[in-house]
Amino acid sequence: MPLATADAVRLRIQDQARPAYEVRYGDGITTRFELPHRNITSGTGYVQPGGTAWSGTASVTFDVSGFVEFGTIIPNNSAVNFRYVYSVFSDAEISHFTAVGGNVPGAALEAVRALRFDGLRRAKWAASDGTQYDDTAALQALDRLESALRLEVQEASSAGDLTSWGERQEDYL
């Protein structure tokens, strides 16, 4: 059975669903927690109210933007265990990439462009405490991937056309 287009795009850009696990603690006031991931597709929440037994909570709502909300306040110092599944891109973003790109390689190219733009915001920085971060190697890899996908999309779009070889050479510069 062939993959759906969205699944083929996710496979091409290696954006399969990933499981995650978080433990937070209630403060007696909070019903909403922010998780470190977005595009959460499913999840469960368990509370450990002062004892050792975890109890499932039916009133847990996971938001695609990375928030989870309980229907009740979590007691002070009670552990909350979250198990959830997330992806880098939402289904809406994958649909947009497919619509703009036109096919799986084109959608993958759009996803790489989105990642490159995001990477430019955090490519290299240093904090006052001496902490440094340099993500330029990842940006270089995305540049190479973008070039390869752009070439693949160009070759696929020009297959079978009547444009001469010499006229298309400017596309490869």
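FYI, it's all coordinate maths here, none of it is from the lab. None of these values were measured; they are calculated from a predicted model. Heads up, the Cβs are rebuilt from the backbone with ideal geometry, glycines too, and the neighbour counts pull from every protein chain shown.
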Along Cα→Cβ, 7 Å out, is where each label goes; now give me the distance between the ones at residue 14 and residue 79 in nm to one decimal.
3.3 nm
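Any chance you could run the full-extension gain for residue 148 through residue 61? It's 0.36 nm times the residue separation minus the Cα-Cα distance, nm to one decimal.
Numbers: separation 87, 0.36 × 87 = 31.32 nm, distance 4.05 nm.
Value of the extension gain: 27.3 nm.
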Expressed in nanometres to one decimal, the distance between label points 7 Å along Cα→Cβ at residue 129 and residue 117 is 3.2 nm
With label points built 7 Å along Cα→Cβ from the Cα atoms of residue 42 and residue 136, find their separation and express it in nm.
4.4 nm
Mean Cβ count within 10 Å, highest first, over the residues of peptides 82-91, 12-21:
82-91, 12-21
Counting sequence-distant residues (5 or more places) and residues on other chains, those with an amide H built under 5 Å from that of residue 78 are 26
